[in-house]
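Peer 1: This is the structure, below, for whatever I ask next.
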Amino acid sequence: MKASRRIVIVEDHRIFRAGVRSELGESIEVVGEAGTVGEAIPLVIETDPDVVLLDVHLPDGGGQAVIAGVSPERPGVRFLALSVSDTAEDVIAVVRAGARGYVTKTISGEELTEAIHRVADGDAVFSPRLAGFVLDAFSSGEPIRDAELDELTAREREVLRLIARGYRYKEIASSLHLSVKTVETHVSSVLRKLQLSSRHELTRWAAERRMI
Amino acid sequence: MVDVGTIPARDRANGVVAGVAAGIGRALEVDPTLVRLLFALLALAGGAGIALYLAAALLMPDAPGERRGRVRFAAGMTLLLLAAVAALNGLGLPWFVQLSAVLAAGGAFFLWREQQRVLGGVLFVTAAVVLFTGGGDSGAGVPLLTPAAFAGGLLLVVGPWLWRTAQERAAERMRRVRSEERAEVAARVHDSILQTLALIQRESADPKRVEQLSRRQERELRSWLFPEGELFKDDTLVGAIANAAAEVEELHGVRVEIASAGNVPLDDDSRAVVLAAREAMANAARFSGADEISVYAEVDGDGISVFVRDRGTGFDRAAVPLERRGVSESIEGRMTRRGGTATISSTPGQGTEVELSLPRKAS
């Protein structure tokens, strides 16, 4: 049994919040709920949870605004973004703002519980679609400015492709003959590149959501 | 507080002659002596100041808010005209310029009061004619003013009307667009969302059916709200796969998650891939028992790859019944005919993955 994790749900639909709450496993304790950016920032700072489950779209701003408001005060709080829309610019923008993962709202309760634990442990969580976007963004033939940040290694590509194909970390590990820990390391490394790379696609997607 | 909207009343109590200067001074919050000085100065301009003073005495009410009689108003206006003529005369302008200026001023007065616009227009045109004919026998320079006067007159005649019409039309268009939008949204809500909700209420005992209905509704709404989205663009590989997935979801009540990297326009080759992928999805939905299928489509320099994966029962190929082998044949056959491959890997108890790949053709 994993250690219990404290989370805050930031999402503007009460029904959806209730649904998530009831679906989460016993190892997750919901310590607060907020429906707007304005409510969320003080709540998260006050409750100091392990993970914030963060809707990309909120009535008074994007999920990014919550990250920007909380991070200076509580740098240890981690964010897992959640949305219905799945468009490249939403996903890329919120991850570049600092979310450690992205899942869609259709995710099962079991998978969501697993994703929260993963993010709480400091690892990254990519939905298959996000993995596809990242492969897409890093595949164009634009000149590489910073090889360390602007390019994925062959191994990272393999891992991402398997995520895109719907494999779970354990399945990826066994299919590539790696440990789960190594798979997690690769995904975290991709996350870092995703957040720091200045590749054109990434900045464009982020710019479309007015992130920069 | 200076009130420029209404004509001030005369102030006979503090006045010297008729209380005109005192009244104006009070209304404008200046020393009446200044006003008197101004009248005196204007009186030097061909007696304009005197005519202006008399006009003001007639036009300004005796007490605030009092209405002037018609005769008194007409007399006042006439004197005002005389004052203008006197002033223009004092400036040494030729008579016809004076006359046309006065006519134009009268025209403008009627035009902007928006009553008797025709009369205003006539006055304007007369002003132009006077200017033109007068200028005809007195030499250069002035005829140039005539077209300008005409244009100005025309503008004054039709300007306010054109302006108002344009504004009304813009507002009207706005209203129409808005009501059309409303009607479209209402129709959409009625045709799809309300129908779906009704269906869901009736079939609430069947969770599978409810999920199916709501997913279909979601998809419909999404493609309506985001028509520019990558997904559901029928003429691309990824769009066509997404559509095929939607059909499979609807037919079999499963969930199909699609991820993609890269895309190509549909042609005969990529269409074959879509059909094979559709078959693979349908198979997974029918036989695997899994309620979710993952599809990943990738287009890169090497060609097209599509992966269809489920976490269902899996199967042993050797033990597959004949009719199901036939279906597999239609996946593999389709791919090989286009120079591609279909690889099916399955482990009983762990699920199945079909990999379709079509290498890029050297062109």
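Every number in this text was worked out from the coordinates using simple rules, so none of it is lab data. The shown structure was predicted, so the numbers you read here are calculated from the model rather than taken from an experiment. Quick reminder, even Gly has a Cβ in these numbers, built from the backbone with ideal geometry, and neighbours come from all protein chains shown.
Peer 1: How many partner chain Cβ atoms sit within 10 Å of a residue's Cβ in peptide A:129-136, on average, as a whole number?
Peer 2: Mean shielding count: 5.
Peer 1: When each pair of different Cα atoms in region B:177-302 is counted once in the 1/r mean, what is the Kirkwood radius in angstroms, to one decimal?
Peer 2: 16.1
Peer 1: Under 5 Å between amide H atoms, partner at least 5 residues away or on a different chain: which partners does B:Val256 have, H built in plane at 1.01 Å?
Peer 2: Distant-sequence amide H within range of B:Val256: B:Ile293.
Peer 1: Now, a different point. Among A:49-58, B:48-57, B:248-257, what's the highest-first ranking by average C-beta atoms within 10 angstrom per residue?
Peer 2: Averaged packing, sorted descending, gives the order A:49-58, B:48-57, B:248-257.
Peer 1: Using only C-alpha positions, report the orientation-averaged shadow area of the convex hull of chain A, nm², one decimal.
Peer 2: Averaged projected area of chain A's Cα convex hull equals 11.1 nm².
Peer 1: Along region B:266-277, what does the Karplus equation 6.51 cos²θ - 1.76 cosθ + 1.60 (θ = phi - 60°) give for ³J(HN,Hα), rounded to whole Hz, x for Gly and Pro?
Peer 2: 6, 9, 4, 5, 5, 5, 4, 5, 4, 5, 5, 5
Peer 1: Okay, moving on. Where Lys and Arg each count +1 and Asp and Glu each count -1, what net charge lies around B:Arg173 among other residues with Cβ under 13 Å from its Cβ?
Peer 2: 0
Peer 1: Now a separate question. Using modelled amide H (1.01 Å from N, peptide plane; none on Pro or chain starts), what sits under 5 Å from the amide H of B:Asp300, excluding residues fewer than 5 places away?
Peer 2: Placed amide hydrogens put B:Ser305 under 5 Å from B:Asp300.
Peer 1: List, in order, the whole-Hz ³J(HN,Hα) value for each residue of region B:306-313 obtained from phi through the Karplus relation with A = 6.51, B = -1.76, C = 1.60 and θ = phi - 60°; use x for Gly and Pro.
Peer 2: Going residue by residue, I get 10, 10, 10, 10, 9, 10, x, 5 Hz, with x marking Gly and Pro.
Peer 1: Apply the Karplus parameterisation 6.51 cos²θ - 1.76 cosθ + 1.60, with θ equal to phi minus 60°, to every residue of region A:100-107 and state each ³J(HN,Hα) to the nearest whole Hz, in sequence, with x for glycine and proline.
Peer 2: Karplus values, whole Hz, x for Gly and Pro: 9, x, 8, 9, 8, 5, 7, 4.
Peer 1: Now, a different point. Across peptide B:261-271, how many C-beta atoms of other chains are within 10 Å of each residue C-beta, on average?
Peer 2: Whole-number average of other-chain Cβ neighbours for B:261-271 is 2.
Peer 1: Mind listing the long-range amide H neighbours of A:Val103? Cut-off is under 5 Å, sequence gap 5 or more, other chains count too, H placed in the peptide plane at 1.01 Å from N.
Peer 2: Here A:Ala81, A:Leu82, A:Ser83 satisfy the definition.
Peer 1: Sticking with this one: With the contact rule set at Cα under 8 Å and sequence spacing of 6 or more, what percent relative contact order holds for region B:228-312?
Peer 2: On the way: 136 pairs, mean separation 24.6, N = 85.
Relative contact order here is 29 percent.
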